[in-house]
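Quick note: the coordinates plus some simple rules give every number you see, no bench work behind them. Note that the structure is a prediction, hence the values are computed from the model and not measured. Virtual Cβ from ideal backbone geometry, glycine too; neighbours counted across all protein chains shown.
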Amino acid sequence: MSSPVDQFLEQYFFRHPVNGTFTGVRLHDHELPDWTRDARDDEQDEFEALTVALDDEYPATDDWSELARNAELLDAELARASMDIRQLEFESRHFHDKNPALWTGEALFGVIGLMLRPPATAEEAFASVAMRLHDIPRFLADMPVTITETMPAPWVERAVKECEVGAALFRGNLDRWLADQGADEASHTWVLEAGAVAAAALDETAAWLRAQPMADEATVAIGAEAYTVLLRRGHFCDVDATELLRRAQEELPEARERFEALAIDIAGSVEGLADALADDHPEAGSFLHAFTDKWEQCREFAADHDLVEWGDWPLRYTPIPAWAGDAAPHLYFLFYRSPSPLEARAEHVYLVTPIDDEVPVVERERRLRQWNHSVITLNHVVHHGALGHHVQNWHATHRSRSKVGRVAAVDCASRIGLFQGGSMAEGWACYATELADELGFLTPLEQASEQQSRVRMLARAIVDISLHTGAMTFDDAIDFYEGEVGMPHAAARAETVKNSMFPGTAVMYWLGTQGILHLREAVRSRDGASFSYRAFHDNLLSRGSIPVLLAAKLLLAEA
């Protein structure tokens with residue numbers, strides 16, 4: 001008989017089949033989840049039974065040294081915390097009962113996930129895509145009777161846009177994907193017919209959404225009490241929201257002043273820095289080579305400084321496929337998605353915006369300025385494809401003794417699989433760029449850009465806490481991003497929409513980064529001259545994608 005932790009994971013994948021697809025569990029590739037109230041009532045009963053089983057075999061404990069030694073005991077605590085968060089999501093009515101974009105994202109990426117990572121055989125791929133497409137009408141038909149709260153207008157706008165983009169994709173570009181996969185005539189016909197069915201359901205959903213009454217943006221807060229649960233059970237943070245907010249607000253002015261000083265020193269002004277960054281871009285003919293070259297430099301840098309076990313997980317930068325080109329800019333279409341930890345692949349594909357001869361000259365220049373050397377180095381190499389996410393994902397997959405930590409941070413339809421994985425995944429990736437700056441990997445332009453990212457990370461933490469505890473309104477948050485960070489209005493609004501939909505998420509970048517930095521100093525102080533970056537980083541990453549603040553307690557207690 002399987003252990004209670006295995007039962008928890010089986011239940012998780014059964015109730016989240018799209019998450020299963022992205023994680024490499026193919027058993028439920030043919031279906032979308034059931035998010036009706038009855039199904040969630042059944043799931044809450046399952047939580048109770050799982051909790052009893054976990055408590056019987058692995059009683060809860062705050063003995064950190066024992067949790068550090070016993071992976072099963074740790075996984076039991078992570079499973080209990082995960083169920084607490086999922087229970088909170090049900091009870092808060094902030095998610096399934098209120099957010100139509102959560103539904104549209106799940107429907108679209110239930111299919112797009114299969115298109116990006118098809119099963120092993122072509123027959124399985126076409127069957128799974130066709131069946132998921134056929135399941136979209138059933139899934140979306142549950143939304144009008146399940147959403148009982150008045151929907152915030154910004155969330156409705158996002159959901160309507162996703163319906164429009166998804167319908168166009170399933171009507172117009174499925175045949176391109178089928179051609180890429182070498183579909184025979186029968187499979188081609190089957191999948192295209194299913195795509196037409198799904199597109200019609202998306203059209204109907206968009207029409208229904210447009211006709212609904214919408215709440216103003218003041219209704220987007222999850223509330224201070226729920227936010228406290230997210231901090232304590234999601235991030236294992238013992239500091240309350242008020243104190244966290246004070247700390248972030250205290251750090252922001254200094255971070256902003258340092259950025260402005262760097263900008264003036266390097267380019268004469270903040271505006272001049274923006275132009276200098278955009279001007280410093282690769283030529284169109286060497287665009288993809290710029291990514292690969294910088295990736296190799298980053299790996300050599302890590303080896304020269306003995307920073308971390310890199311792992312053997314090949315990664316290839318390649319243009320976004322033609323079938324996704326029109327849809328990608330309007331969806332949660334990530335350039336880098338974590339490799340499936342439960343499904344080995346020979347290499348991982350990192351998608352980038354295409355820049356080739358087919359792109360008009362003016363648009364090509366705009367894209368090159370947007371994808372400049374700083375963006376390539378900081379975002380697409382250090383943060384995502386190399387020292388940051390990719391190395392952390394390798395450790396979580398290959399070295400973590402925690403089964404939950406192995407799968408928690410997988411990128412799914414709208415967010416990562418389990419909330420508890422966020423502060424390690426994003427904290428480590430942000431820490432990686434800080435480490436690159438600290439040890440001299442970055443150019444002066446990149447150093448200034450990295451400092452600007454620190455300012456934005458703090459601002460996002462402030463907005464996340466303030467918005468969901470009632471200290472800021474939706475409009476206040478937009479004004480804050482524009483006034484304090486210098487974001488253009490459209491970017492400030494888009495960031496605020498994302499912050500409002502997923503409380504406790506934006507703060508995890510700062511929590512995770514600061515947690516790692518503070519832990520490193522504690523270990524350095526303890527170890528003295530014997531301190532090793534490699535030993536520290538490998539020990540931390542071997543915990544898997546678990547909350548950084550929990551990992552810190554385990555690492556220190558173990559020592």
Sequence-distant aspartates and glutamates (8 or more away, or on other chains) whose Cα lies within less than 16 Å of residue 161: 106, 203, 204, 326
Peptides ranked, highest mean first, by Cβ atoms within 10 Å: ranges 239-249, 91-101: 91-101, 239-249
Stokes-Einstein translational diffusion, the stretch 4-219 - Kirkwood Rh over all Cα pairs, 1.002 mPa s, 20 °C, in µm²/s: 113 µm²/s
Amide H within-cut-off set for residue 317, under 5 Å, with H built and near neighbours excluded: 350
Distance between the stretch 221-268 and the stretch 479-518 - C-alpha centres, whole angstrom: 9 Å
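Can you compute the equivalent ellipsoid semi-axes for the stretch 130-247, i.e. the square root of 5 times each eigenvalue of the Cα gyration tensor, sorted largest first and rounded to whole Å?
Numbers: eigenvalues 305, 78, 30 Å².
Working through the eigenvalues yields semi-axes of 39, 20, 12 Å.
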Computed over the chain: relative contact order in percent, which uses C-alpha pairs under 8 Å that are six or more apart: 19 percent
Order by protection proxy (mean Cβ within 10 Å, highest first), peptides 34-40, 431-437: 431-437, 34-40
Spherically averaged projected area of the stretch 226-558 from its Cα convex hull (nm²): 17.0 nm²
Highest to lowest packing among 163-170, 62-69, 147-154, scored as the average C-beta count within 10 Å: 163-170, 147-154, 62-69
Other-chain or far-sequence residues with amide H under 5 Å of residue 215's (modelled H): 151, 153
Long-range amide H partners of residue 473 with built H, under 5 Å: none
Exposure proxy ranking, count of Cβ atoms within 10 Å, fewest first, for 487, 83: 487, 83
Stokes-Einstein D for the stretch 306-392, Kirkwood Rh over Cα pairs, 37 °C, 0.692 mPa s (µm²/s): 227 µm²/s
FRET E, pair residue 44, residue 224, Förster distance 22 Å, beta-carbon r, rounded to 0.05: 0.40
Whole-angstrom gap from the stretch 144-193 to the stretch 372-388, using each part's C-alpha centre: 31 Å
Cubic angstrom per residue, convex hull over Cα atoms of the stretch 1-80: 108 Å³
The stretch 203-235 residues near the modelled residue 522 label - backbone nitrogen below 19 Å, point 7 Å along Cα→Cβ: 231-235
Taking 508, 214 and counting other C-beta atoms within 10 Å, the order from fewest to most: 214, 508
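I'd like the per residue volume of the convex hull spanned by the Cα atoms of the chain, given in cubic angstrom. Walk me through the numbers on the way to the answer.
Numbers: hull volume 83.0 nm³, N = 559.
Spelled out: Cα convex hull of the chain, divided by residues, is 148 Å³.
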In nm, spacing of pseudo-spin labels at residue 296 and residue 399 (7 Å Cα→C-beta vector): 2.5 nm
Estimated inter-spin distance, residue 438 and residue 61, nm [label 7 Å along Cα→Cβ]: 3.2 nm
Inter-label distance for residue 72 and residue 264, nm, one decimal - labels placed 7 Å from Cα along Cα-to-Cβ: 6.2 nm
Histogram of C-alpha separations across the stretch 325-448, 5 Å bin width, %: 2, 10, 17, 20, 18, 15, 11, 5, 2, 0, 0
Vicinal HN-Hα couplings computed from phi for the stretch 305-320 (Karplus, 6.51 cos²θ - 1.76 cosθ + 1.60; Hz; Gly/Pro x): 9, 6, 7, 6, 5, 7, x, 10, 9, x, 9, 10, 7, 8, x, 4
